[in-house]
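The values are calculated or read from the model by the stated rules, or taken from the named source; none is laboratory data. Owing to the predicted nature of the structure, the values given are computational and were not obtained by experimental measurement. Counting neighbours? That spans all protein chains shown, and the Cβs are built from the backbone with ideal geometry, glycine included.
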There are 2 protein chains.
Amino acid sequence: MPAGDERLNRERVLKAAVELADQDGIGSVTMRRLAEKLGAGAMSLYYHVPNKDELLSGMVDLVFGEIELPAEAGDWKAVLRRRAISTRDALRRHPWAVGRMEATAAPGPNDLRLHDAVLGCLRAAGFSVEMAVQAYSLQDAYIYGFALQEKYLAFGTREEFAETAAKRVREVEARSPDVAAEYPNLAEVVAGFVAKHGYSADDAFVFGLDVILDGLERFRLAP
Amino acid sequence: MPAGDERLNRERVLKAAVELADQDGIGSVTMRRLAEKLGAGAMSLYYHVPNKDELLSGMVDLVFGEIELPAEAGDWKAVLRRRAISTRDALRRHPWAVGRMEATAAPGPNDLRLHDAVLGCLRAAGFSVEMAVQAYSLQDAYIYGFALQEKYLAFGTREEFAETAAKRVREVEARSPDVAAEYPNLAEVVAGFVAKHGYSADDAFVFGLDVILDGLERFRLAP
DNA sequence: ACGATAATTCGTACGCCGTACGATTGTCAA
DNA sequence: TTGACAATCGTACGGCGTACGAATTATCGT
C-alpha cells in the first residue's frame, strides 16, 4: 500500500464524501464510488457510518460547521446579516446541501451550536422567546428558499444567467410559439433582463434580507 | 381486462404518480410500482413519458396548477397574500414537491401562467420591472423555504410538534447528556414550546409573510 | 516474543432501481 | 385482406444500498 492512505475513520469518510459531492454532484456520491476515492472496499465504509442516510446527515453537519457563528456583541441586525450571508455562502459552496439542512433526523453538533448562538443573539437583542423563534424561522426560510432558487436557476454570472434565461425561452417557444402574447409580463421581464445589465444574485439576496431584518425591528421589546 | 382500466395517457400517468407520492411518499414512486397501480407493464409508461425526470416535472406542474392565480384587481397586498397562502397549501398537500418547484428543466404551462400573473400583479401595483422581480424572488424564497422547514420539522398539530421536539431532545441527549448547559438558548425555547401553548405553523407563516409584504410597500413607485 | 482478543476491512450476493431494445398486439384506412 | 401506425410489454443489463460472515490487522497482557 502507498504511504498516503491511512486508516479510515468517520471524519475522513465524511470529508471525502463532501469533496465528491462538490466536484461531481450529490448523485455521484455512492458507497462504491466513495470507497474507491478512499482506496477502500465499499463495505468498509459501513464500519464508520451506519448507512447512507447517516452519511448524508454527517455531510450536512460539516456544512453547518462552515457557517460563521454570530458574534456575541454588536448591532443585532449587522450580526445577523453577517451570519445570513455566511450561510448563503456555505450553501453556494455546497449546493447539494440545500434542502437537506433541516432534514437530518438528529441534528448534528454544529447545527445545534449555530441555532443556539442565533437564538441567543435574538434574545439579547430584545426579542421574546416566541418572537425569537418566529424571527429565526423567517430568516432561515428566506435563506434556504433563496439558496434553492439560486441552485436551480443558475444565477451565476450575468452572462451565465442570460444564457440560461435564453435557453428556457427557447424551450418554451418550442411548445407554444407565441410566448410574448401568452405571457406578456414574463416576456417583459426576460427582455428587461437579457437586454439590460442583468441581475445580481448577491444584490437580490441582501435586498430581501434587509427587508426582513428591518421589518423585524418593531417586534423587539424595550431596547 | 376489467372494464375500469382505460387506455393509458400522459394525464392518467401523471395523476396516478401524484396520488402515489401523496400516499406513500416520493420514494415509492418507481416506474414499476406506478405501472402496477395503473394495471400496466412498467415499460408501457415510457410511451407517454420520456423518462423519470420528465415524469417528476410533469407532477410538479400539476401542483402548480393547484395554486390559485392572483386576482386581477384588488389591494395588491391582499391579493399576493392570498396566493402565497394558496401556494403553501398546495405544498402541504404535496410535500414531495417542495424543493422541486424551481427544478424543472423546462417550466410547465401552469408554472408559467402563475409566474406571469404574479408579475402582472406586482407591475400593476406600481413596482418597476426590476423591483417586481426582486419582490417576487423574495416572496417565493420565503414560501419555499418555509415549506421546506415545515416538511422536515413536522409542525403538524401542537401535539405532534411537541412530540417531535421531545424526540429530538432525547436523541441529542443520548450523545451529550447536559443539553441545557451546552445549548442554553435552545433549551429555553424547547422548554417554552413543550411546556406552554405550543407553536402554530399557520400563524408563523402569515407573520413572516406580512413582514415581507409590509416591507415591500415602500419600494413601490408613485401609487 | 507470542498468543488471544478486539478492531477493522472487504468479497459475495440479493433485491430493487431506471431503462435500452425489440417483439407483440390492437386499430383502422385502403 | 393488407399494410401502416399506435400502443403495450417481456427480457435483460448495469448500478444501487446493504446483510452476512469471513479475512485481515492492530493491540495488549503475559
Every residue from region A:189-209 that is part of a helix (DSSP H, G or I), modelled with pLDDT of 80 or more and either farther than 16 Å from B:A132 by Cβ or not aliphatic (A, V, I, L, M) (or both):
A:A201, A:D202, A:D203, A:F205, A:V206, A:F207, A:G208, A:L209
Being in contact (Cβ under 8 Å) with a residue 24 or more places away in the chain and within 9 Å of chain A (Cβ to nearest Cβ) is the filter; apply it to region B:151-196 and report the residue that is nearest to B:L91 (Cα to Cα).
B:K151
Selection count, region A:197-210, where residues are within 16 Å of A:S137 (Cβ to Cβ) and facing chain B (nearest Cβ under 7 Å)
1
Could you please find all residues in region A:21-38 being within 12 Å of DNA strand C (Cβ to nearest atom), surrounded by 13 or more Cβ atoms within 10 Å (Cβ to Cβ) and either within 19 Å of the chain's Cα centre (by Cα) or among the small types (G, A, S) (or both)?
A:A35
Take A:A78 and tell me if it is within 12 Å of chain B (Cβ to nearest Cβ) and either acidic (D, E) or assigned to a helix (DSSP H, G or I) (or both).
no
Quick check on my filter: what residues within region B:109-130 are assigned to a helix (DSSP H, G or I) and more than 9 Å from chain A (Cβ to nearest Cβ)?
B:N110, B:D111, B:L114, B:A124
Return yes or no: is A:V49 surrounded by 18 or more Cβ atoms within 10 Å (Cβ to Cβ), part of a loop (DSSP other than H, G, I, E, B) and within 16 Å of DNA strand C (Cβ to nearest atom)?
yes
Output for Cβ contacts, cut-off 9 Å, separation at least six or different chains, first residue in contact (Cβ under 8 Å) with a residue 60 or more places away in the chain in region B:98-126, second small (G, A, S) and part of a loop (DSSP other than H, G, I, E, B), reads B:G126/B:A222
Region B:95-108 - residue that is surrounded by 19 or more Cβ atoms within 10 Å (Cβ to Cβ) and outside any helix (DSSP H, G or I) and, of those, nearest to the other protein chains (Cβ to nearest Cβ)
B:G99
For region A:38-55, name all the residues that are closer than 19 Å to A:G108 by Cα and more than 9 Å from DNA strand D (Cβ to nearest atom).
A:H48
Restricting the search to region B:147-188, which residues are in contact with a His (Cβ under 9 Å, 6 or more places away or on another chain) and modelled with pLDDT of 85 or more?
B:Y183, B:N185, B:L186
Evaluate the following for B:Y183: is it under 16 Å from A:L138 (Cα atoms) and crowded, with 16+ Cβ neighbours inside 10 Å?
no
Scanning region A:56-82 for residues that are under 13 Å from A:A125 (Cβ atoms) and not hydrophobic (A, V, I, L, M, F, W, C), which turns out farthest from DNA strand D (Cβ to nearest atom)?
A:D75
